[in-house]
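So the structure is just underneath, and the comments pick up after that.
The values are calculated or read from the model by the stated rules, or taken from the named source; none is laboratory data. Given the structure is predicted, the values throughout are model-derived calculations rather than measurements. All Cβ positions, glycine included, derive from the backbone under ideal geometry; neighbour counts span all protein chains shown. These area figures cover heavy atoms from the full protein model, side chains too; ligands, DNA and RNA do not enter into them. Shrake-Rupley method; radii C 1.70, N 1.55, O 1.52, S 1.80 Å.
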Amino acid sequence: MDPEIQKMKEVVLVYLDRSGGLQKFVHDCKKYNDSKQSYAVYRFIISINPSDIAELDATLGNYILHNPLQAAQIFQSVCFVAIKTLSLIEQLQTEAQISILLKPTHLPPLPSYVLSLSAYPFNYTSQRFYMSEGIVIAMGTVTKYTQGARFLCTEETCPFSEGRFRCIRVHCPGATESATVRTDFVCSLCSSPLQEDMKFRVLGDKQVVEMIDAKILNALKGYSTDKSHFRIQAFTLFLRDELANKMTIGNHYRIIGIPACVQNGLQATACIEVNSVKLYKPNGPSFVSENFKYLLSLTSSSRWRFTAVLANIFASQVVPPGTYNTLKLAILLSLVQTCEKENADYLDLLIMTSDTLVIDRLLNYSLCLLPRGIRHPPSSDIFPSVSKDKHGTGSASIQACSAVLAKGGICYIGDLSSYKKDKLELLQSVLESRTTTVFIPGKKYGEEADQQVTISVQTNFWSFVDVDSSSKKHIQKENFLIGQMDVSLIPVNLVDGFGLLIYNEFPSCRLSSPVVHQILKKAINPEAMLYKASHQFRTQDYEEFILFARNLYVELSSEAESLIQGYYLASRRVRRDSIHGSTLSASALKILISLAKAHAKLSLRQTVLEEDAVIAILLLESSLTLKHGTSALCVAPNPVFPFDLSDESSLQQRDIYLMQCHHQLLKFIAAYSPGIHINTNEE
């Protein structure tokens, strides 16, 4: 035996003993031995720490990293000797029956160990470990594959025709099913045909997954300041056995695996045989820019001023400061209420507008402030769909669409009135349940029974309705209540599904002169910075601010909770009719809490105060007025920004106005929800 191989075997034994791997191996052997059943292949998973191995023996460490299939044979030999010496598995006959899967805990943080899914060339011939990361865009159903099989020689006089485990076929990374099980294998001793002994075939689970580089998100935003060009291509991952169903569609993962090339007819597909999977969650920034800190200190005298100034100057690259303030505040609130938690506080926006071009630009710009802001292309599906797997298995493959790719972000679906009835009904169902169900007919995809797969949809939805075009498509109602808008083109339940209904301040018939000025200037020079705010608060500053703010954990104070509950109960009593009961949807309380938490985050606070609750109530009441008409609370048409914010005195005036609104709100609660106790400030 090669002395170097012998030395590596000794190091393997030492490492297994020191790392606890030997104890785990003995435990796994006991499970096989207790079953008293003979297998063609006994599969063992051994966890490897490359750093610890390299300290013991650099040669073995290098061998594991760069020749993992050959390194597995060294571990196989050591494990076989251990089994025979310690009599761990009585049924085991030959070394070939042992299948070893080495799982490195990590790889060296060097560029040569990173496999980029967008870089060229894609090195799939080296058959060594690489680390890669990307987003899952398609997932197949779990099917079976052959881990190993025993073959016998058909020639009766041949020693290999006896019932011993001499001819064993074991799956290797990247190999197809035909590489493990075929009818044209021949005996290595007498060249007679081999025949599989079906009693000893060992099956495992297999799942085919499509993953793509995270750079795809930049291409799906519809607008981006990043002008770089890059190549994007999806790659196939094979998840086997314990890794099946370890991935979720739409999630971002880091994987370790061995690249390979799979032949399917005349086509060759580059793929990765996955060895380990880890969910990737990038850390948000731990700071905000100095300009935002300075602005926060300047506005510290009032708990309403910081967010007011923030909304006033937001998106000055797209719309002039001071325009669309209510909409811009709603956008900022929706942006900071984005996360990937199961029971997150969502905040969806539906905008009624005549200025579709300006609103579209504003929403597109805002999308790019999040890592996952997706502009839905009208030609594709909003929610996941099913297609046949393209790798020849014939099984079903679930394709991720805009809503799933926008996980933890925003899905901007454009003009709502352009969608057909079935799409709107599906959207309504998703807004209510935050899940979507994919139906997989078993007969079509080679399964015995039909399947239903439920997929979580963790994103905020943005959309708008063109008031001018919608009014031409149907006859408007005449019996409107005061403050009510005609939204009858869209189903009532769908409108209620959106957290906020907003009507922007400037209809196209009377565009403000600053907006016209900016549109003309930008048409002449798209890169021009027209306002001082654009220099002081750059797009990158807003990106960092939003990522920081959305990661804040906020809690409701008892005062804010009482105010929200009091308003909700009073509104349910006030907003009702004799036929349908209360017109306030059951989700209104969730929306109120979500708005209040978002305003606290936007103010960089971790406690929701009464001031946050006041803004939340005014925004929701304005939305309800557009849907159902005014109530006894009787808020102004633009309650959060009743006048322009041009200087400090206008901010002071706004504070006084909001205090009056707060006092009016307390009176409203006392009149229509007398059971709620709220501490009032006599001052």
Conditions first: (1) part of a strand (DSSP E or B); (2) open to solvent by 20 Å² or more (accessible area, probe 1.4 Å); (3) farther than 14 Å from E133 by Cβ. K246 passes all but one, so which condition is the exception?
(1)
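Name the strands (runs of 3 or more DSSP E) wholly within the range 143-222 that hold at least 3 residues that are touching a residue at least 60 places away in the same chain (Cβ under 8 Å) and in contact with a strand residue (DSSP E or B) (Cβ under 7 Å, 6 or more places away or on another chain)? Break it down into steps so the answer makes sense when it comes.
Numbers: elements: 143-153, 167-170, 194-196, 202-212.
In the range 143-222, the matching strands (runs of 3 or more DSSP E) lie at 143-153, 202-212.
Among the listed residues L370, L349, which satisfies the condition of being within 22 Å of the chain's Cα centre (by Cα), farther than 30 Å from P637 by Cα and either open to solvent by less than 10 Å² (accessible area, probe 1.4 Å) or among the aromatic types (F, W, Y) (or both)? Give the derivation first.
Values: L349 fails: farther than 30 Å from P637 by Cα.
Just one listed residue meets the conditions, L370.
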Do you know which residues across the range 611-663 are closer than 17 Å to I351 by Cβ and under 32 Å from the mean Cα position of the chain (by Cα)?
L619, L620, S622, S623, L624, K627
Is it true that some residue in the range 397-414 is assigned to a helix (DSSP H, G or I), closer than 22 Å to L363 by Cα, modelled with pLDDT under 90 and among the hydrophobic types (A, V, I, L, M, F, W, C)?
no
Give the range 625-649 a look and list any residue that's among the β-branched types (V, I, T) and assigned to a loop (DSSP other than H, G, I, E, B), or say none.
T630, V635, V640
Any idea which of N504, N551 is modelled with pLDDT of 75 or more and either farther than 26 Å from V608 by Cα or of a type in the set (S, T, N, Q) (or both)?
N551
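Give, as residue ranges, the helices (runs of 4 or more DSSP H) completely inside the range 25-120 that count at least 3 residues that are touching a residue at least 12 places away in the same chain (Cβ under 8 Å) and within 24 Å of A260 (Cα to Cα).
Values: elements: 50-56, 58-66, 68-86.
Result: 58-66, 68-86.
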Take L329 and decide whether it is open to solvent by 20 Å² or more (accessible area, probe 1.4 Å) and in contact (Cβ under 8 Å) with a residue 12 or more places away in the chain.
no
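Okay, residues lined up against (1) open to solvent by less than 60 Å² (accessible area, probe 1.4 Å); (2) among the hydrophobic types (A, V, I, L, M, F, W, C); (3) touching a strand residue (DSSP E or B) at 6+ places or on another chain (Cβ under 6 Å):
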site: I398; (1), (2), (3): yes, yes, yes
site: V404; (1), (2), (3): yes, yes, no
site: Y412; (1), (2), (3): yes, no, yes
site: S418; (1), (2), (3): no, no, no
site: L424; (1), (2), (3): yes, yes, no
site: Q428; (1), (2), (3): yes, no, no
site: E432; (1), (2), (3): no, no, no
site: V438; (1), (2), (3): yes, yes, yes
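What do you reckon, is T307 more than 20 Å from L552 (Cα to Cα), open to solvent by less than 10 Å² (accessible area, probe 1.4 Å) and either in contact (Cβ under 8 Å) with a residue 24 or more places away in the chain or under 31 Å from the mean Cα position of the chain (by Cα) (or both)?
On the way: more than 20 Å from L552 (Cα to Cα): no; open to solvent by less than 10 Å² (accessible area, probe 1.4 Å): yes; either in contact (Cβ under 8 Å) with a residue 24 or more places away in the chain or under 31 Å from the mean Cα position of the chain (by Cα) (or both): yes.
When the stated conditions are applied, T307 does not pass them.
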Exception for G174 within (1) at positive phi; (2) open to solvent by 20 Å² or more (accessible area, probe 1.4 Å) falls at (2)
Show the residue pairs meeting these rules: Cβ distance below 6 Å; 6+ apart or different chains; first residue within the range 422-438 and among the hydroxyl-bearing types (S, T, Y); second residue open to solvent by less than 20 Å² (accessible area, probe 1.4 Å).
T436/F383; T436/V430; T436/I455; T436/V457
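Based on what the data block shows, is R303 at pLDDT 90 or above, of a type in the set (D, E, K, R) and over 30 Å from L609 (Cα atoms)?
Values: at pLDDT 90 or above: yes; of a type in the set (D, E, K, R): yes; over 30 Å from L609 (Cα atoms): no.
No.
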Scan the range 363-396 residue by residue and report those that are of a type in the set (F, W, Y) and assigned to a loop (DSSP other than H, G, I, E, B).
F383
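I'd like the residue in the range 1-17 that is open to solvent by 50 Å² or more (accessible area, probe 1.4 Å) and in contact (Cβ under 8 Å) with a residue 12 or more places away in the chain and, out of all such residues, is farthest from Q73 (Cα to Cα).
Of the residues in the range 1-17, the ones open to solvent by 50 Å² or more (accessible area, probe 1.4 Å) are 1-4, 6-7, 10, 13-14, 17.
Checking which are in contact (Cβ under 8 Å) with a residue 12 or more places away in the chain leaves us with 4, 7, 13-14.
Working: E4: 14, K7: 14, L13: 14, V14: 17 Å.
Looking at the filtered set, the residue picked out is V14.
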Subset tally (residues that are without any contact (Cβ under 8 Å) to a residue 12 or more places away in the chain and more than 17 Å from S587 (Cα to Cα)) for the range 332-357:
1
Can you pull out every residue in the range 79-106 that is open to solvent by 20 Å² or more (accessible area, probe 1.4 Å) and not polar (S, T, N, Q)?
F80, V81, K84, L86, L88, E90, E95, A96, I100, L101, K103, H106
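Quick check on S192: is it open to solvent by 60 Å² or more (accessible area, probe 1.4 Å) and hydroxyl-bearing (S, T, Y)?
Numbers: open to solvent by 60 Å² or more (accessible area, probe 1.4 Å): no; hydroxyl-bearing (S, T, Y): yes.
So S192 does not fit the description; no.
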Can you find a residue in the range 570-587 that is within 30 Å of N364 (Cα to Cα) and within 30 Å of the chain's Cα centre (by Cα)?
yes
